[in-house]
Structures are given as C-alpha cells and as structure tokens.
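The values are calculated or read from the model by the stated rules, or taken from the named source; none is laboratory data. Given the structure is predicted, the values throughout are model-derived calculations rather than measurements. Note that each Cβ is placed from the backbone with ideal geometry, even for glycine, and that neighbours are counted across all protein chains shown. Calculation scope for accessible area: heavy atoms of the full protein, side chains included, ligands and nucleic acids excluded. Shrake-Rupley method; radii C 1.70, N 1.55, O 1.52, S 1.80 Å.
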Amino acid sequence: MGKVLLIEDDTEIRLALVRALRERGYTVRSCGEAMSGIRDVTEWQPTVVVLDLGLPDLHGGSVLRMIRAVSSVPVIIATAHDSELEIVRLLRAGADDYVVKPFSADHLAARIGAV
C-alpha cells in the first residue's frame, strides 16, 4: 500500500494507530518527537506523514514547515485542535489534510488513501 510515518507523542494513540494501519496493509514507522520525525522524512522517505501538533520538542506547525523545506510528501495533521483559524493556517502552510481527534482508524486510512 504505502509507507506511513506517524509522528505522535501519545504512546497509546501511536501504538493503536500503528497496529490499525499495519492491519490495513500499510508499512508504518512511528516516533514521538519532532526531530526524529524530520529525520525519518529525509532518510526513510515515506509516502505520507501523519503529524500531531502537540509534540514535546517542537510544535507541529514548525515541523510542517521543516518538512516542506525538504520534501513534498503529503502531510495529514491529526490533532485534537479544532480551531478553524488553526486548520486554515496549517492548510495554507502546506498541510494536505487535517483530521480532528478522536477519529477511527478507518477514517484515517481513508484520508491517507485520498492524499
């Protein structure tokens, strides 16, 4: 199917999403910190990135800008932040999609398939 890089700091959410996406045929790599994710974008070259905004080392918006500086990989923001201003700002900054938690694994897989 494709290579998904999941950048999510919540361990329970990360493990559940990794399992669910693998069950749907995706190859998944995950990390809980922004800098590891940025490294994986350049070294592993995923086909899509699922990016949380509330990371411990950098805000996801900064991570998005860094990813866009080195790659055109599709990026789906997956976060609990549902502010319309934030959604519009990040889509204009280069995000390809934005999904608000909570969401099902099927919902996320459909979004991944769409980008």
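Here is a list of conditions, (1) surrounded by 15 or more Cβ atoms within 10 Å (Cβ to Cβ); (2) in contact (Cβ under 8 Å) with a residue 40 or more places away in the chain; (3) in contact with a Lys or Arg (Cβ under 8 Å, 6 or more places away or on another chain), and Asp40 meets all of them except one; can you say which number that is?
Among (1) surrounded by 15 or more Cβ atoms within 10 Å (Cβ to Cβ); (2) in contact (Cβ under 8 Å) with a residue 40 or more places away in the chain; (3) in contact with a Lys or Arg (Cβ under 8 Å, 6 or more places away or on another chain), the lone unmet condition for Asp40 is (2).
In this structure, does Ala69 turn out to be out of contact with any strand residue (DSSP E or B) (no Cβ under 9 Å at 6 or more places or on another chain), open to solvent by 30 Å² or more (accessible area, probe 1.4 Å) and among the small types (Gly, Ala, Ser)?
Yes; evaluated as a whole, the condition is true for this residue.
Of the residues Asp82, Asp96, Asp52, only one is among the charged types (D, E, K, R), open to solvent by 40 Å² or more (accessible area, probe 1.4 Å) and at pLDDT 95 or above; which?
Asp96
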